[in-house]
Amino acid sequence: MRRRRFLTISCTTLGGVLVYSLDRKVSLLSANEKNKDKSLRIPLRFFDEGEALLAAAAASRIFPSDVSGPGAKEAGVVIYIDRQLAGPYGSDRYRYTQGPFEDAPAEFGYQGKATPREIYREGLKGLTGFDQLNAEEQDATLERIEASVFFSLLRQHTIEGMFCDPMHGGNADMVGWQLIG
Amino acid sequence: MKTLRKADVVIVGGGWTGLLMAKELGARTALSVVVLERGVPRSTDKYADDMDELDYAIRLRMMQDAAQETVTLRHDARGRAVPLRRYASFLPGSGVGGAGEHWNGQCPRNLPDFFELYSRTKEKYGVNRLPEDHAVQDWGITYDELEPYYTRTERLLGLSGKAGNLRGQKVEGGNPFEGWRSEEYPTPPTKLPYFSALFRDGAKSLGYHPYPVPAATLSQAYTNPDGISRPPCVYCGYCERFGCMIGAKAQPTSVLLPVIEKKKNVTIRKGAWVRRLVHDAAGSESRVRGVTYVDATGNEVFQPAEIVFLASWTLNNTRLLLLSGIGEPYNPGAGKGTLGRNLTHQVSFAAATAFFAKPLNRFMGSGASGMLLSDFDGDNFDHSQLSFLRGGLLEARNTGAHPIGEFGEVPHRVGSRWGSTWKKAGIEYFDRVGRIVVSGEHLAYKGNYMDLDPTYKDRCGDALLRLTLNWRENERRMAELLTEKTVEIARAMGATEVNTFPGLRNYDSRRYQSTHVQGGTILGTSPESSVVNTHGQHWQAANLFVLGGSLFPTGGGANPTPTILAMTYRTADAVAERYVKRPGPLA
C-alpha cells in the first residue's frame, strides 16, 4: 500500500480557494494577508505531486490566467485531469483495445495501444523541469510537442477542465462558465 | 443453451423501428411480441438528472460501447482495415429507444425523385452521367406510395413545420421543392433562433427559399393519434446526445413506450445481446426459427419465434445477417451477392463557420429549431453544366452551445489553438459564431460496402463488421459548390469573418458527420439486386423482415428517420393486414 499523495497549493497562488464542508457551509479562503501562509493539501488519485505540478504548469500555458480572465490554474484543471485519469476513461474502459495495433493514416483515429494514463505518464517525463521555466520557454517547449497525442489530450482535457460541471473536479467556482457568460 | 417458450414475434433491437413495430403489432394483433434490446432501460422522466455535457456529449454515455463492439474501416478493397477504436464520425445509440433518444429531431421528407434516382437521372441526363462505378438503383416504391405513411409518421411525432406543397398547391413560407403532402404539419414551426433568422434574411436576399426545419421538438402541446400528450419545447439546448427530459422531443420512450407498456402481449427484454438468427438450411424456401442471444447474466439463450424482425440499426442488421449466413455476401470483385452492398453515409459538413459582431444567444435552442434551404438539394438546380449529380440541404440551427464542445472555435486569422491570443478570441467569439451545415446525398458505389472483418472480434468473439468506404469525385465536387454557395449566404447574413470547409478528401472517421449510415440490406424488386423486397421482407426467408436505414439503396440528403418510420409503418400494415392471415412472400 502506498501513502496518499497530495498536491499542496498555497492560497496566494490561487487567489483564493473555495472550501466545501459537510455541514453545507461554503467558506472562501481568500488570498489576503490573513491567509497568505495557509495552504491546501488536495489528495491526488493518479498523479504524483511532481507530475501534477508539470501538468498544471502546461495547462496554464494552454489556458493562461491573464488579462482576459482566470485560467486553468483557478479552475483547478489539474484536479480534473487527475480525476479523469484515475477513472474508467483513464484506463480506456470504453475504447476498443483489442489487437493487433496497426499504424494507419490520421483519419482512422488514434490507433495506439497506450491508454490516456500511459500517454500522460510518458508525456510528462518529457516535460521534466517544465514548471521551472519562464513563460516564453514553456511556450517554446509546448510548440515542440504540439503534434503529439499527449499534447492533443492535454489541450482537450484543459478545455474540459475549464468548462465541465464542477462535480468533475474542474471549473472550480464555475470560473470557466463565468468567462463565457 | 436454454430454449425459451416460442414467441409469435421477435424483434431484434428496441429503437425507433423495433418499438414502432412492437406498438403496431401489439395494438393491432393478438400476437405475442418479444423485443430484444441489448442496452439498458431508459425513460423520459429519468433524463432530468443527465444534463451533463462531459458525461453525455463528450464521453458519449448513451452510445454503443466501442470496447464491446465496434467496426473496422478501410478506404478501398486493397487496404487493410483497422478498428474505429472510438466511435466518432457516426454515433450508434444503445439502450431502449436507441439513437432515437439522443437525436436532434430534424424531419424533412426525401424528395420524390430520390426514390427513382436511377430512372430519373437516366431520363434527364443520360445513363453516362452516373459515375463509372456507381451502384445506384431505384427503390421499387415511389414517393406517392410512401406519402400516406409519411403523414402517419408526422402525426405520430407531432412534427412542427410549414408545408410548402399541399396536394400540388405551392404554399408561401414552406419548402417549394418538397414533394406533395396530403396535409399541413400537425403543429406550427418552432421558435426561430436569431442566427437562423439571419440565415433566412441572408438567403432570401440572394433569391433562395429558406423554410423552417420540420421539427420533432414540439412548438406547442400536442396529443397524437395514440393519445400520447407532450409539452412544448423549452429550448434548453440539450437534444443531440441527450434524452429529452420533458419529452417535448419525440423519442421512442416518450412516444412509443407508454403505449407499449399497456399492451400485455408485448415484452421488452433488456440486456439481450443477439448473436445469431437461427434458420433452416439455405435455399429459396428457408425460414428463420428464432434467435440466440446472451442475456444480461451472460447465459446463452435460444428464443424461438414464428416471425423475426431485424431492427438493430444499419450496421448491426447487416452484421447479424452476415454472421448468421443468411443471404449471399456481396463481393464487388466477382460482382456477386447482395448482402452488404450500397454502404452510404450522408455527406454532412459545416460548410461555413460564420463569425458575427453581435452575440447570437446560442445557449438557447433545440436540435431542430432553425431554417433549411433546399435550393441546392437533389436535382432542384440544373446539373447539365455541372461535373456532379445531386446536392444537399443547407441548414442553420441553434442547437444550444455547450461550453466544452463549443469553446475555442475562432477565426482562422487568430492562428493559434492554445495560449493567450486563442483564449481571448475564444471568449470573444463563444456566442458570436454559427455554423451553416450541408447535408448531402451520397450515391451508392460498387466499391463502398460491408463484410465481416477477418481479424478483429467483438466481446463475444464474433467478427466485427468491416466498412469499405470512401468519397468519390461526385461528392467532392458537390461539396465544393455547396460550400461556395453557403459562404455567399454567410456573407449576406453579415458575417464579419467566415471559416470555410476545406473540402472532402478521404473519409475521415474522426470528424462527426451524422449518424445516417445506410445500406447493406437494401430493398428492391429482385433478389439479384437486393436483399429484401419493398416491405423489408427477406427474399430467402419469408418470415424475416428487416427494418431501418439498412434498406436504403442510396444515401439521402434529408435526414432519414421520417422515411425509415414511414417504411416501418408500411411493413406493419402489410404484416398485420396480410402476412398474419396468409404467411408467405408479400407482393
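The values are calculated or read from the model by the stated rules, or taken from the named source; none is laboratory data. Note that the structure is predicted; figures quoted are calculated from it, not measured. Quick reminder, even Gly has a Cβ in these numbers, built from the backbone with ideal geometry, and neighbours come from all protein chains shown. The protein model used for the area step is the full one, side chains on, heavy atoms only, and it has no ligands, DNA or RNA in it. Shrake-Rupley method; radii C 1.70, N 1.55, O 1.52, S 1.80 Å.
Just checking, which of B:TYR507, B:TYR512 is in contact with a Phe, Trp or Tyr (Cβ under 9 Å, 6 or more places away or on another chain), within 14 Å of chain A (Cβ to nearest Cβ) and under 22 Å from B:GLY447 (Cβ atoms)?
Numbers: B:TYR512 fails: under 22 Å from B:GLY447 (Cβ atoms).
Unique residue meeting the criteria: B:TYR507.
Each row is one residue, and each column tells you yes or no for (1) of a type in the set (A, V, I, L, M); (2) closer than 21 Å to B:ALA215 by Cβ.
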site	(1), (2)
B:ARG109	no, yes
B:PRO112	no, no
B:GLU116	no, no
B:THR121	no, no
B:GLY126	no, no
B:LEU130	yes, no
B:ALA135	yes, no
B:ALA163	yes, yes
B:LEU166	yes, yes
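From the residues in segment A:100-116 that are of a type in the set (A, V, I, L, M, F, W, C) and within 16 Å of A:SER148 (Cβ to Cβ), which one is nearest to the other protein chains (Cβ to nearest Cβ)?
Within segment A:100-116, the first condition is being of a type in the set (A, V, I, L, M, F, W, C), and the residues that meet it are A:101, A:104, A:106, A:108, A:114.
Those left that are additionally within 16 Å of A:SER148 (Cβ to Cβ): A:106, A:114.
Working: A:ALA106: 8, A:ALA114: 12 Å.
Across segment A:100-116, the extreme among qualifying residues is A:ALA106.
Within segment B:91-110, take every residue that is within 14 Å of another protein chain (Cβ to nearest Cβ) and open to solvent by less than 10 Å² (accessible area, probe 1.4 Å) and give me the one that is farthest from B:GLY461 (Cα to Cα). Walk me through it before giving the result.
Quick first cut of segment B:91-110, residues within 14 Å of another protein chain (Cβ to nearest Cβ) only: B:91-92, B:94.
Imposing the further condition that a residue be open to solvent by less than 10 Å² (accessible area, probe 1.4 Å) reduces the set to B:91-92.
Values: B:LEU91: 22, B:PRO92: 20 Å.
Among them, the one singled out is B:LEU91.
Does B:HIS516 fit the bill of being more than 25 Å from B:GLY440 (Cβ to Cβ) and at pLDDT 95 or above? First the steps, then the outcome.
Numbers: more than 25 Å from B:GLY440 (Cβ to Cβ): no; at pLDDT 95 or above: yes.
No, not satisfied.
What's the total number of residues in segment B:212-243 that are in a loop (DSSP other than H, G, I, E, B), under 24 Å from B:GLU53 (Cα atoms) and open to solvent by less than 20 Å² (accessible area, probe 1.4 Å)? Steps first, answer last, please.
If we filter segment B:212-243 for residues that are in a loop (DSSP other than H, G, I, E, B), which is where we start, we get B:213-214, B:216, B:218-221, B:224-228, B:231-235, B:237-243.
Now drop any that are not under 24 Å from B:GLU53 (Cα atoms), which leaves B:216, B:218, B:231-235, B:237-243.
Applying the additional criterion that residues be open to solvent by less than 20 Å² (accessible area, probe 1.4 Å) yields B:216, B:218, B:237, B:239, B:242-243.
Residues flagged as in a loop (DSSP other than H, G, I, E, B), under 24 Å from B:GLU53 (Cα atoms) and open to solvent by less than 20 Å² (accessible area, probe 1.4 Å) within segment B:212-243 amount to 6.
How many residues are more than 22 Å from B:ILE427 (Cβ to Cβ), of a type in the set (Gly, Ala, Ser) and part of a helix (DSSP H, G or I) if we restrict to segment A:140-165?
Total satisfying the criteria: 1.
Quick one: count up the residues across segment B:560-583 that are open to solvent by 20 Å² or more (accessible area, probe 1.4 Å) and assigned to a loop (DSSP other than H, G, I, E, B).
4
Only one of these conditions is not met by A:THR97: (1) open to solvent by 60 Å² or more (accessible area, probe 1.4 Å); (2) within 8 Å of chain B (Cβ to nearest Cβ); (3) within 12 Å of the chain's Cα centre (by Cα). Which number is it?
(3)
Kindly indicate whether B:ALA22 is under 23 Å from the mean Cα position of the chain (by Cα) and within 11 Å of chain A (Cβ to nearest Cβ).
The answer is no for B:ALA22.
Regarding B:GLY557, is this residue assigned to a loop (DSSP other than H, G, I, E, B) and either touching a strand residue (DSSP E or B) at 6+ places or on another chain (Cβ under 9 Å) or small (Gly, Ala, Ser) (or both)?
Numbers: assigned to a loop (DSSP other than H, G, I, E, B): yes; either touching a strand residue (DSSP E or B) at 6+ places or on another chain (Cβ under 9 Å) or small (Gly, Ala, Ser) (or both): yes.
Judged against the criteria, B:GLY557 is a match.
Mind checking whether some residue in segment B:83-90 is within 19 Å of the chain's Cα centre (by Cα), at positive phi and within 9 Å of another protein chain (Cβ to nearest Cβ)?
Let us first name the residues in segment B:83-90 that are within 19 Å of the chain's Cα centre (by Cα), namely B:87-90.
Within this subset, residues satisfying the condition of being at positive phi are none.
Taking every residue of segment B:83-90 in turn, none turns out to be within 19 Å of the chain's Cα centre (by Cα), at positive phi and within 9 Å of another protein chain (Cβ to nearest Cβ).
Consider A:GLY71 carefully, then state whether it is within 8 Å of chain B (Cβ to nearest Cβ) and small (Gly, Ala, Ser). Break it down into steps so the answer makes sense when it comes.
Details: within 8 Å of chain B (Cβ to nearest Cβ): yes; small (Gly, Ala, Ser): yes.
The answer is yes for A:GLY71.
Exactly one of these conditions fails for B:ALA30: (1) of a type in the set (A, V, I, L, M, F, W, C); (2) more than 14 Å from every other protein chain (Cβ to nearest Cβ); (3) within 24 Å of the chain's Cα centre (by Cα). Give me its number.
(3)
Could you list, in sequence order, all residues of segment B:448-471 that are charged (D, E, K, R) and open to solvent by less than 20 Å² (accessible area, probe 1.4 Å)?
Filtering segment B:448-471 for residues charged (D, E, K, R) gives B:451, B:453, B:457-459, B:462, B:466.
B:ASP453, B:ASP458, B:ASP462 - these are the residues of segment B:448-471 that are charged (D, E, K, R) and open to solvent by less than 20 Å² (accessible area, probe 1.4 Å).
Of all residues in segment A:103-118, how many are open to solvent by 20 Å² or more (accessible area, probe 1.4 Å) and more than 20 Å from B:SER89 (Cα to Cα)?
Matching residues across segment A:103-118 total 5.
Determine which single condition B:GLY158 fails, assuming it passes every other condition in (1) at negative phi; (2) open to solvent by less than 10 Å² (accessible area, probe 1.4 Å).
It is condition (1) that B:GLY158 fails.
Residues of segment B:355-404 being more than 11 Å from B:PRO193 (Cα to Cα) and basic (Lys, Arg), which ones?
Within segment B:355-404, the first condition is being more than 11 Å from B:PRO193 (Cα to Cα), and the residues that meet it are B:355-359, B:367, B:372-395, B:401-404.
Across segment B:355-404, the qualifying residues are B:LYS358, B:ARG390.
Tell me, yes or no, whether segment A:50-63 has at least one residue that is crowded, with 16+ Cβ neighbours inside 10 Å, of a type in the set (Lys, Arg) and within 14 Å of another protein chain (Cβ to nearest Cβ).
Yes: segment A:50-63 contains one or more residues that are crowded, with 16+ Cβ neighbours inside 10 Å, of a type in the set (Lys, Arg) and within 14 Å of another protein chain (Cβ to nearest Cβ).
So which residues in segment B:407-447 are open to solvent by 20 Å² or more (accessible area, probe 1.4 Å), more than 9 Å from every other protein chain (Cβ to nearest Cβ) and not in a loop (DSSP other than H, G, I, E, B)?
Matches in segment B:407-447: B:HIS412, B:ARG413, B:VAL414, B:THR421, B:ARG435, B:VAL437.
Taking the residues in segment B:448-480 that are within 12 Å of another protein chain (Cβ to nearest Cβ) and hydroxyl-bearing (Ser, Thr, Tyr) as candidates, determine which candidate is farthest from the chain's Cα centre (by Cα).
That would be B:THR455.
Which numbered condition trips up B:LEU25, out of (1) in contact (Cβ under 8 Å) with a residue 60 or more places away in the chain; (2) open to solvent by 50 Å² or more (accessible area, probe 1.4 Å)?
Going through the list (1) in contact (Cβ under 8 Å) with a residue 60 or more places away in the chain; (2) open to solvent by 50 Å² or more (accessible area, probe 1.4 Å), B:LEU25 breaks only (2).
If you go through segment B:556-587 one residue at a time, how many are farther than 12 Å from B:GLN537 by Cα and of a type outside the set (A, V, I, L, M, F, W, C)?
13
Among the residues of segment A:121-169, how many are at the interface with chain B (Cβ under 10 Å from one of its Cβ atoms), more than 20 Å from B:THR421 (Cα to Cα) and open to solvent by less than 30 Å² (accessible area, probe 1.4 Å)?
Residues meeting the conditions: 1.
Kindly provide the set of residues from segment B:201-211 that are surrounded by fewer than 22 Cβ atoms within 10 Å (Cβ to Cβ), outside any loop (DSSP other than H, G, I, E, B) and touching a residue at least 40 places away in the same chain (Cβ under 8 Å), ordered by number. Lay out the reasoning, then the answer.
Quick first cut of segment B:201-211, residues surrounded by fewer than 22 Cβ atoms within 10 Å (Cβ to Cβ) only: B:201, B:204-209.
From what's left, outside any loop (DSSP other than H, G, I, E, B): B:201, B:204-205.
Those that are surrounded by fewer than 22 Cβ atoms within 10 Å (Cβ to Cβ), outside any loop (DSSP other than H, G, I, E, B) and touching a residue at least 40 places away in the same chain (Cβ under 8 Å): B:ASP201, B:SER205.
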